[in-house]
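Since the structure comes first, as C-alpha cells, the remarks are kept for the end.
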Amino acid sequence: MLVSETTADQALAAQELLSLARGIDGSALSSKEKSALRFVCSSLVINAGTDLADVTILQAGQQLASHAQGETDPTEPLHFQCLYNVANAIVGACDLGLPTEGPREVWLPALIENRRSSRVELRRARRMFLNVGSSQQADPHTRSAAYCNLANSLDHSGRWAEAYDFYLRALEADPTNGNAAGNLAQLLLSQVHAGVGQTGHIAAVYDKYVKMAQSLRDGTVDFAGSATANRWDGLEPTDSLGHLALGLGDPEDEYRQWVATYRLALSPAVEGLGTEDAHWDSAAIEVLYGNSPEDMSPPILAETNVLKSDFLVSRQLAYEGYVQVAEGPQQKDDDTGYYIETLDYSLYGLQYSKLFLAQRSALDVLDKTAVVANEHFGVADEARRVSFRKFWANKDGVVRPSLMRSPARSLPSYALSELAYDMEGDGMYAPSQALRNAGTHRIVHAAFLDDTGITVDARSRIHLFELVESTVLALQVTRSAYLYLIDLVSSWNHPDDHVGTYAPFPSFEYMQFPEDPEQESQSEEPEAAAPAEENSE
C-alpha cells in the first residue's frame, strides 16, 4: 500500500506490486495471510489498471485475485472479496471499449457492439457479482459494492429496471453507499430525458436520490473515490412536484405493500404503484400509429393483456405462499392434504407448492413475451418453437435485424437479448431457469436442512430461503422483460416516424368504454400523441 501511495508513476507502482506479489509464495506467512496479501495487491493493481485504462495490468490483477480466491474457504468473507475483485477486473477490461463522447446515434451502436463483443466475459462477471451480493458470508460493504457494480453493468446494456432493483439492493446491504444512490439518480435522470413513464414522479424520485447521494458523500468516497463524490455533488435537483410513491395510502393493504417492497408492479412508476386506483398495474403500450381500424387495434394489444394477467396470477400466488411460509412451517388450515412425515427436514404443503408454481409460471411468461415479439415484429419463426432464451439474437449475440427500428433506438432489443443470455449457461439467472425446468419435469421440494440445490436427479431439495428468493427474483425478471417489451414497441412508434395521415390510437380500459367513443377519442387525440406529457405528474 505504501508503494501505491508514494510512487507517482502508477504503472511503475503496479509493476512493483506485482513483483511483491510474486514473492508471497516464498514468505513465512500463513496461508491465510498469503491469500489476504494477494487480495490487497490485486485491489491496488486493479485500481491502477482502471485509472491507466491498461488491460494488461487489469488482467494481472484479475489473476492475483483468482489465485487468492483459490486459497480461501468459501465460508469466509475474504473468499467473496476476492471473487468481487475478479469480477471487477473483468468488467474494468470490458468497459475500456465503451464510447465516451459523441451524439447518441454515434455512441449507442458503439456501446451495443462493445457489450456484444464482450458478452461472454460480462455474463460471467454479472454472475459473480450476484453471487457475492446475495451471499450471507460476504461482508455488507462487499455485498453492497457487488450489487452496485452489477447494476452499473446492467444499466450500460439498457436493462434499467433490473439495474434499479440492484441499486436498491446495494443500499439495503450498506445504507452508507452514496455511490449506489448517485448511480440510481443518474439512471432516473436518463429515464426522465427519455420521457418514459410518469416523468414527474420519476423526477421527484431522482431528487430524492440526489439528496441521498450528496448526504452520503463520505460513503461515496469510501466506495468509489472523491472524483465520483464530486460528480454526485454536481447533480442538480429538478424540484419536481410529482409524487414519490402513490398507491400505498392504506398500510393495512399488505398485498400492495409487499408488491411495492419487492418492486413487482407492472406500472410506469419506479416506486410505489403509480396510482391510488384499483387497477394499478397500468404499464401498457401507450401509443401506436396507423391509418386504418386494423392498424389501430393490432393483436399485440390482446397479447400484452394476456401477458399481464398471467404475470398477476403468478404474483398473487407467490404472495399467498410467501405469507403462509412466514407464518411458520405448520400445515395450514386450508390444506386438505395428508402428508407422510419423511424425517429428513423436508417441507410439504400448499404454501411451498404455491411458491414453486409461482416461480415456474412467472418464467413461463418470458417465453410468451418472445412469442408476442415474434408475431408483432414479423420475425416469422414458427410459434411453437419460439423460446425466450433463443429468440432475440443470433448465436454471435447480434440482435435480429427485424427487432431493431434503427441503430439509435436499438437498446430495448439488446436489453432483451442480454437478459435472455443471462437465463442460460453461466448467466446470473441460470439457477432460476434450472429450478423452473426441474420443477416442471422432476420432483423438487423445500427443506430446512441438507438441501441439495438444483440437480439433474429425479429429486432435488431446495432450501426454503433459496426458494423464496428465487420466486421473488423470477417475478422481478419477468416484470423487467415486460417493461422492456413495452420500450421496444415504443421504439417503433416514435412521432418522427409517422407524419401526415397517421394518428395515435385511442386507448380505453377494458369494459370501461366512454359513453360516446367517437367523440371521446377525438377529444383525447392530442394528449395521446404526447404520452410523456400525459404521464407527467
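The values are calculated or read from the model by the stated rules, or taken from the named source; none is laboratory data. These numbers come from a predicted model, not from an experiment. Methodologically, a virtual Cβ is constructed for each residue, glycine included, from the backbone with ideal geometry; neighbour enumeration extends over all protein chains shown. The area values use the complete protein model at the heavy-atom level, side chains included, leaving out ligands, DNA and RNA. Shrake-Rupley method; radii C 1.70, N 1.55, O 1.52, S 1.80 Å.
Odds and ends about this structure:
- Cα shape, segment 266-369, gyration tensor, a/c 1.5 rule: prolate
- Within segment 62-163, GluC sites (Glu not before Pro) in DSSP loop having at most 16 other beta-carbon neighbours inside 10 Å: Glu71, Glu101
- Between 0 and 90 degrees, the angle of helix 140-156 with respect to the longest Cα principal axis of the chain falls at about 50 degrees.
- Seen from a random direction on average, the alpha-carbon convex hull of segment 95-169 projects onto 5.3 square nanometres.
- From phi via Karplus (6.51, -1.76, 1.60), per-residue ³J(HN,Hα) for segment 403-414 in Hz, x at Gly/Pro: 9, 10, 6, 6, x, 6, 10, 9, 5, x, 5, 5
- Distances between placed amide hydrogens fall under 5 Å for Val444 paired with Ser460, all partners being 5 or more residues away or on another chain.
- Remark: the chain carries 47 Å² of accessible area per residue (probe radius 1.4 Å; ligands, DNA and RNA excluded).
- Positive dipole terminus of segment 350-403, leading residue within Leu403, Trp392, Ala358 (C-beta point charges): Ala358
- All distinct Cα pairs of the chain go into the 1/r average, and the inverse of that average, the Kirkwood radius, is 25.1 Å.
- Given charges at Cβ of Lys, Arg, Asp, Glu: segment 153-296 dipole, positive-most of Phe223, Ala170, Val196: Phe223
- Rounded to 10°, Cα long-axis angle of helix 77-95 versus longest principal axis of the chain: 70
- Degrees, to the nearest 10: 160-173 long Cα axis against longest axis of the chain: 50
- For Gly290, residues with placed amide H under 5 Å, excluding near neighbours: Ala503
- For segment 257-272, putting each phi into the Karplus relation 6.51 cos²θ - 1.76 cosθ + 1.60 with θ = phi - 60° gives couplings of 4, 5, 4, 5, 4, 9, 6, 10, 7, 7, 9, x, 7, 9, 9, x Hz, in residue order, rounded to whole numbers and with x for Gly and Pro.
- Calculated FRET efficiency for the pair Val106/Arg384, C-beta based, R₀ 41 Å, to 0.05: 0.50
- Accessible-area value, Lys211, 1.4 Å probe, nucleic acids and ligands omitted, Å²: 150
- Within the same chain, aspartates and glutamates fewer than 8 places from Lys368 are excluded, and of the rest, those with a Cα less than 12 Å from its Cα are Glu303, Asp310.
- Under the simplified labelling scheme, the Ser215-Ser31 pair shows an inter-label distance of 4.7 nm, with each label point 7 Å from Cα along Cα→Cβ.
- Ordering 416-429, 170-183 by mean Cβ neighbour count within 10 Å, with the highest value first, yields 170-183, 416-429.
- Cα gyration tensor shape of segment 1-132, rounded if a/c is under 1.5, else prolate or oblate by comparing a/b with b/c: oblate
- Accessible surface of the chain [probe 1.4 Å, protein heavy atoms]: carbon and sulfur percent: 53
- Segment 402-458 and segment 178-235 have their alpha-carbon centroids 30 Å apart.
- Along segment 477-482 the Karplus relation, 6.51 cos²θ - 1.76 cosθ + 1.60 evaluated at θ = phi - 60°, assigns HN-Hα couplings of 5, 5, 4, 4, 4, 4 Hz to successive residues, with x for each Gly and Pro.
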